[in-house]
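A short worksheet on the structure shown next.
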Amino acid sequence: MTISIVGGGAAGCFCAVEAARLHPDAEVVIYEAGNRLMAKLARTGGGRCNITNTFAGVDDLRTVYPRGFRLMERALAAFSPEDTAAWWTSHGVGLYAEPDGRCFPVSNDARQVVGCLERLIAERGVRVVKGARITSLDELATGVRVVTTGGGLPLLLRGTAVRTVPTVPSLFALKTGSEQIRALSGNVVKGVSLTLTVHGPDGKSRGEAATKVRSEGDILLTDWGFSGPAVLRLSSYAARELAASGYRGTLLVNWLGCDEEEARQTVCRLFGRAGGKMVANVRPEGLCARVWSHILRRASVREDMRCSEAGSKTANRIVAALTADCYELTGRAAFREEFVRCGGVASSAVHPATFESRDVAGLHFAGEVLDIDGVTGGFNLQAAWSTAMCVARGMMPGK
C-alpha cells in the first residue's frame, strides 16, 4: 500500500517520518514541487526555527489561533507542545524556551531541524520525488493520500466536494504614509497597546462596517510603518477584514500601554521632579530619546521647554499623544520569513481526530493547507506537528 504525501514542508516531512514508523509495510512517498525539502522551515525564526511555544499563559486558544482553534483543541490534546519537545529531544534536537514562551533548538540553527527530518526520512525508507507538481489526485497511487501544501489546492481538489475557504495573508507589517515614523526606523518600543480599526468595504471606518481589534506587546518602527509581534498579532486577528478593505484602516498607538490617568500621573511626576530641565531630557521609562521627541512633536510641545513651564494644557497634549496616537494605514508589507496565510480546507470538511476528508475517503490534510493559522511565536509550526501526527496515527493504509 502507498501513502502519498503532497508537499515536502514541515507538516509533510513530519507526517512522512511518523507514517513510515507507524505503518512499516506501506510505501511512503513525498511529492515536492520545489528542488529541496523544507525550504521555508530552514528560514523560519530568522534561521533559528521557532519550533513551538510553551503555551504558558494561553487561556483561550482563540487568542493564538484566530481561525481553526476548535480543530487545534483536538490536535493539541493528541500531540501537545510537551509531546513536541519530547519528540525533538528524543531525536537529538534539544530545545530551550524564551521568557515569552517561544521554543528554539539549543543550536539556534534551523538547519539542524531540517537535517533531523531529512535523516529520519532516509532511515525510514521514505521516497522523495522533487520537482513534482501534482495537479490532480488521480496522479497519486491508490491508497492513502495526504495534502499538506496550499499551493495549487483549487486545481488539486477540482472535481471533489471538499469545501475550501479563500486564502489571504495573515501575518504582515502595516504600512503608513507617516514620514515621522519613517524617521524612527529601527526603533523598538516595548509594552505598547494597539487598537486597529479596519475600514469597511465602502472605505468608512465607523459604524457596523468597521472591525476593531486590539493587541499588546512590542513593536518595531520601520521604513514603511509598523511591525513587530504586537502588529503581527493584529494582522492575524483582522486578516480577512484587512484584505477586504484593501489594507486600509486606522491604528491607534498607546506608547505606554497604560490608561490615560496613569499616563497623566507619570508625566506630572516626571515634570514635577525635573524642575528646570528641558522636556526633551525627561522621558517615561521605556521610551528612547528619538521616540520621545517624536511624541513631543505630535503633541506640539517645544523640546526646549522647561518642565517647570509645562502647565496642565501641555501635559494634556502629551498624554493624548502618549495614549492615543493615531495613524492612517495605507497597505501591508511582508514580514521577513513569515509565509502564513489563512484559508484553505475548511474545518468543517475534515474529521477532527484524523483530519480525513468528510467527502473523499482516504484523503487527509495537515499543516498549512488547513484553514488553521496562528499568531507569530511558534504556534503555526506546532499546528504543523500536531495535525501531521494526527494524520499519521489516523490513516488506515491497509484498507
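The values are calculated or read from the model by the stated rules, or taken from the named source; none is laboratory data. Since we're looking at a predicted model, the values are computed, not measured. Note that we place each Cβ from the backbone using ideal geometry, even for glycine, and neighbour counts take in every protein chain shown. All accessible areas refer to the heavy atoms of the entire protein, side chains included, with ligands and DNA or RNA removed. Shrake-Rupley method; radii C 1.70, N 1.55, O 1.52, S 1.80 Å.
Tabulated data for the structure shown
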quantity: Considering only the stretch 245-399, percent of DSSP beta bridges that pair antiparallel, nearest 5; calculated: 90
quantity: Rounded to the nearest 20 debye, dipole of the chain from Cβ charges on Lys, Arg, Asp, Glu; calculated: 800
quantity: Solvent-accessible ranking of 138, 100, 109, largest area first, probe 1.4 Å; calculated: 138, 100, 109
quantity: For the chain, calculated [θ]222 nm from helices alone, where every DSSP H run of n ≥ 4 adds -39500 (n - 2.57); calculated: -9000 deg cm²/dmol
quantity: log₁₀ of I(q)/I(0) at q = 0.11 Å⁻¹ - the chain, Debye sum with one point per alpha carbon; calculated: -0.82
quantity: Percent of beta bridges antiparallel (DSSP, the stretch 1-142, rounded to nearest 5); calculated: 35
quantity: Nearest-10 value in Å² for the accessible area of residue 195, using the 1.4 Å probe; calculated: 30
quantity: Distance in nm between pseudo-label sites at residue 289 and residue 77 (7 Å out along the Cβ direction from Cα); calculated: 5.7
quantity: Distance between modelled label sites at residue 48 and residue 89, nm, 7 Å Cα→Cβ extension; calculated: 2.0
quantity: Solvent exposure ordering (accessible area, 1.4 Å, most first) of 327, 96; calculated: 96, 327
quantity: Highest-MSF residue in the chain out of 349, 320, 274 [GNM, Cα springs under 10 Å]; calculated: 274
quantity: Rounded to 5, percent antiparallel among DSSP beta bridges of the chain; calculated: 70
quantity: Cα-derived Rg to Rh of the stretch 265-399, Kirkwood definition; calculated: 1.37
quantity: Alpha carbon convex hull of the stretch 21-87, projected area averaged over orientations, nm²; calculated: 7.0
quantity: Residue 306 accessible area, assembled protein chains, probe 1.4 Å, Å²; calculated: 100
